[in-house]
Each structure stands twice: as structure tokens, then as C-alpha cells.
Amino acid sequence: MIKSGFVTIAGRPNAGKSTLLNTILKEKRAIVTPKPQTTNRNIQGVYNDLRGQIVFIDTPGIHKPKTIYGEHLNKQAYHGIRGSELTLLVVDGSVPYGSGDEYLFQKLKIDHDLIVVLTKIDLANPTDIEVLKTKWQENYPDAPLIEVSSVNNFNVEELITLIFDKLEEGPLYFPEPEDYEVKLEQYINEIVREKIIMLTHEEIPYSVAVTVDHLTKGEKKIEAYLTIYCEKESQKGILIGKGAKMIKRIRLQAQYELSAYLNKDVLLEIMVKVEPMWRSDPKILKKLLGV
Ligand SMILES: Nc1nc2c(ncn2[C@@H]2O[C@H](COP(=O)(O)OP(=O)(O)O)[C@@H](O)[C@H]2O)c(=O)[nH]1
Ligand SMILES: [Mg+2]
């Protein structure tokens, strides 16, 4: 199941909205769609990962307007918020709650989901941040609140997970990026390697390679055929385990984690092969490194 949605980034001027968006688009598993051809100039970035697609709408900072142009900017922000299904309300976590925040809160009429994002947490003082948190939790008792730092990349991945939790199943508004499948293979590989290392207690960490030999990707289900290469028969013995218990645990735990993340059923077929020279086998290296 693919999730998707339009998400507005709103807040006061200088709150850290644009910086946050840039940091999100640089996340590890992001597959960024190049700036889409669209008539909606407000669309600032399309974030894709294996879970789905988030179309971000950046908005001008909301402030007490002193000019007609200022009013126009505020209107643009309200318009962006109305056109989305989720709003990230970005608040500068390094300054105390003030009249500008109260103005924003009074003006915002949000009829959909909201996440309060306290940013610049790297600059914040722990006591002040507690006061600020309490205040915004009183303003929006039903909304999740998360502290992030765009500069230190703190909690940004957690924020993306929160966004996907809020979004529903939906279409890809922009075409699936070309490297989606490469990313998917890399992720499956990463999770299987992680389970091997965890479950075999690092008895065979670096002598093992995992390749994804075949992948079928359906709406609701992903099937992957994998090979684990090791260098010695003894390692193969550990990987398979007594009564094939080890390989089963590796497979089940990897399947469980992958399906939770991908929102789909995941079936893995895993073979274990001894290949003393896998590090210098061009066929295996090609699969591993794509070279
Ligand atoms: N230390 C720190 N500075 C930040 C962070 N996020 C944004 N800034 C800085 O805050 C200022 C305003 O950020 P910007 O993203 O332009 O705010 P916007 O007006 O809401 O889009 C810039 O100088 C940023 O470098 C952060 O997480 N930590
Ligand atoms: Mg900005």
C-alpha cells in the first residue's frame, strides 16, 4: 500500500520552514522527484521513499500584516493550508512564545490534521522549551508535537514517519522515481544484513554479502529472492543453524520489519551459498555494487 498526500509547511517568518524542507529532502532514503512541472508554484518539493509520496507546499511566513503585500502573503499561506490534507506548523523552538505566535494561532483555521514541529532545538534551552511545548500542546491538544533540528538532522526521520502515519493510501501525484527499485533492493539488503549481524552475534559480520537476485513488486505484496554469500562451510552452518532455525529467524524478522515499513506483505526466499572468493567475483560484485 502506497501512501501519499499534500502537506503544507506553515509558520511565522524565519521559523525555519525552508531549512526544514531542505533537510527532509536530503533524508537517507529520500528519492527526490526533480522540481515537478506544475502550475502550482507553491509546490516546493516532492519527497518519495519506499512508503510513498509527500508533496510539500511551502508557504510565506504568517505575520501581522502592515502592508497590502503583507496581506497578500498571508492569504497565500492560508490558501496553501486549505489545499492540503496535513499541515506542519513550524515553530522556532529557540525563542519564547510571543504575540506573533498568538497571532498565528488565532488566525489559523485548520480543518485537517496538524503536526506541531518545534525546530532549531539545537539552539533551545531545556527549560524554555518545556514552557513552549506546554503552550503549543494547550493550543492544539490533539496534535502530535515533535522537536527537531534541521542543522543537526535530529528527529527529522521521526518526523517523516509521523507524516506517513497521518497520511492515507493514495495515488502517486508525480511519477515514481526511476531509482525506486534500486532503493528498494538496497533497503531489503540493509535489513537482511542487520538481522544476520544481530542474530548471529557478529560471528560472521564482514565475510557475508547479500544480493537481491529477483524482485517482484505488486500493489500489496513484494517478493524477493536473495542469496547470502559467505566464505566458509562453517559460516554457512551458522547462518542456516540447527534444523534451519537460524535462517528462518533471519527471514521472519526481516520480513516483519520490511512489511511494517513498506505497508505491504513481504515474502523473502533466501539461499545461502559458500563462495570463498565472492569479493573478487565480478558477477557478485556487479549485483552488489551495480558496477
Ligand atoms: N541552529 C539552527 N538554525 C536553523 C534551523 N533551522 C533553520 N535555521 C536558521 O533559521 C533561519 C531561518 O530559516 P528559514 O528556513 O529561512 O526560515 P523560514 O522563513 O521559515 O523559511 C536561517 O538562518 C536558518 O539557517 C535549525 O534547526 N537550527
Ligand atoms: Mg522560507
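Since every read-out is calculated from the coordinates, none of them should be taken as a lab result. As the structure is a prediction and not an experimental result, all values here were calculated from the model. Glycine also receives a Cβ, built like all others from the backbone with ideal geometry; neighbour counts cover every protein chain displayed.
Details
- Shape of the stretch 239-291, Cα gyration tensor, a/c cut at 1.5: oblate
- Each residue of the stretch 174-191 is assigned a 3J(HN,Hα), and the resulting list reads 10, x, 4, x, 4, 8, 4, 5, 4, 4, 5, 4, 4, 5, 4, 4, 4, 5 Hz, derived from the Karplus form 6.51 cos²θ - 1.76 cosθ + 1.60 (θ = phi - 60°), x at Gly and Pro.
- Anisotropy class of the stretch 180-289 from Cα gyration tensor, a/c 1.5 cut: oblate
- Simple rule: put +1 on each Lys or Arg Cβ and -1 on each Asp or Glu Cβ in the chain, find the dipole, and look at ILE188, ILE160, THR59; the Cα lying farthest toward the positive end is ILE188.
- Using bins of 5 Å that start at zero, the share of Cα-Cα pairs per bin across the chain amounts to 1, 5, 11, 13, 14, 12, 10, 9, 8, 6, 5, 3, 2, 1, 0, 0, in whole %.
- Computed FRET value (nearest 0.05) for LYS232 with ASN153, which takes r as the C-beta separation and R₀ as 45 Å: 0.70
- Beta bridges from DSSP with both residues in the stretch 180-289: antiparallel share about 45 percent, rounded to the nearest 5.
- Listed pairs LYS109/LYS220; LYS17/LYS264; LYS3/LYS286; LYS17/LYS133; LYS120/LYS220 exceeding 29 Å between Cα atoms: LYS109/LYS220; LYS17/LYS264; LYS3/LYS286; LYS120/LYS220
- HN-Hα J in Hz across the stretch 56-69 - Karplus 6.51, -1.76, 1.60, θ = phi - 60°, x for Gly and Pro: 8, 10, 8, 10, x, x, 8, 8, 6, x, 10, 9, 5, 4
- Cα gyration tensor, the stretch 3-169 - rounded (a/c under 1.5), prolate or oblate: oblate
- Extended-chain gain in nm, criterion 0.36 nm per residue less alpha-carbon gap, GLN253 and LYS217: 11.0 nm
- Relative contact order, percent, the chain [alpha-carbon distance under 8 Å, six or more residues apart]: 18
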